[in-house]
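The structure under discussion appears below in the form of structure tokens.
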Amino acid sequence: PLGSTRIQPDSSSPSWPPPHHPWDPLTPPNPRKQMKIIHFSDIHIHDQLIIGQDSIKRFQIALNHLSENHLDSDLFVISGDLTHHGRLQSYMKLKEMLDNAKLPKHLYPKLILGNHDNRKTFKKFFTKIPLDTNGFVQYEYDYKEKRFIFMDTNLPKTHQGHYCEKRM
């Protein structure tokens, strides 16, 4: 079958072992160049089942896994949809869950709205998340000589992302 034959280079060759490549999993990472980023997306926090799934329970399992296995991460991002319908009780629950997760300060997540979110309601609960001069939930974050840009593409009453002149 395809892929079952493995060709071994002649070990006496001057090019063996092969030079390191950044994607080579056998070579230890260079801690100065690599980052560990945890990214959750479309958590859809909602107090009712969504297509037979409990989004709150599933998000809690994911948070627990992060807390137990990935506290060595450099960055934690949750991109929208943060809630299923942008309702007050969903943001209240999300805030409660994040506060109770007791993550180290550097891992409090960078939050990004999705098309199911409600910017006005979100801002009532997440008051420390930066806004731009036009009130959009978008910001930059500099870390280890890298710049992360979080963009608000939310447009109320639509099911697609939106970007306009005011957001640039």
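Bear in mind these aren't lab numbers, they're just calculated from the coordinates by the rules spelled out. None of these values were measured; they are calculated from a predicted model. Reconstructed Cβ throughout: ideal geometry from the backbone, glycine too, with neighbour counts over all protein chains shown.
Which whole-number value in Å³ per residue fits the convex hull of the alpha carbons of the stretch 74-158? Present the calculation step by step, with values, prior to reporting the outcome.
Details: hull volume 7.7 nm³, N = 85.
About 90 Å³ per residue, rounded to a whole number.
Sticking with the crude label model, points 7 Å out along Cα→Cβ, report the distance from T127 to H85 in nm, one decimal please.
2.7
Starting with the highest mean, order 116-127, 91-102, 47-58 by the number of other Cβ atoms within 10 Å, averaged over the residues of each peptide.
116-127, 91-102, 47-58
Express in nm, to one decimal, how much length is gained between K102 and H70 on full extension, taking 0.36 nm for each residue of separation and deducting their alpha carbon distance.
Working: separation 32, 0.36 × 32 = 11.52 nm, distance 1.31 nm.
Working it through step by step, the gained length comes to 10.2 nm.
For every other residue with a beta carbon closer than 14 angstrom to the beta carbon of L155, add +1 if it is Lys or Arg and -1 if Asp or Glu, then tell me the sum.
Values: positive: R119, K120, K157, K166, R167; negative: D81, D117, D152, E165.
Once positives and negatives cancel, what remains is +1.
Between their Cα atoms, which of K93/K157; K105/K144; K57/K166; K57/K102 are more than 27 Å away from each other? Kindly include the intermediate steps, with their values, before the conclusion.
Values: K93/K157 22 Å; K105/K144 16 Å; K57/K166 37 Å; K57/K102 17 Å.
Beyond 27 Å between Cα atoms: K57/K166.
7 Å from Cα along Cα→Cβ at both K36 and T158: what's the point-to-point distance in nm?
Simple spin-label model gives 3.9 nm for this pair.
Tally Lys and Arg at +1 and Asp and Glu at -1 over the other residues with C-beta under 13 Å from the C-beta of D47: what net charge comes out? Please report the intermediate quantities before stating the final value.
Numbers: positive: K57, R87, K93; negative: D54, E96.
With Lys, Arg at +1 and Asp, Glu at -1, the neighbours total +1.
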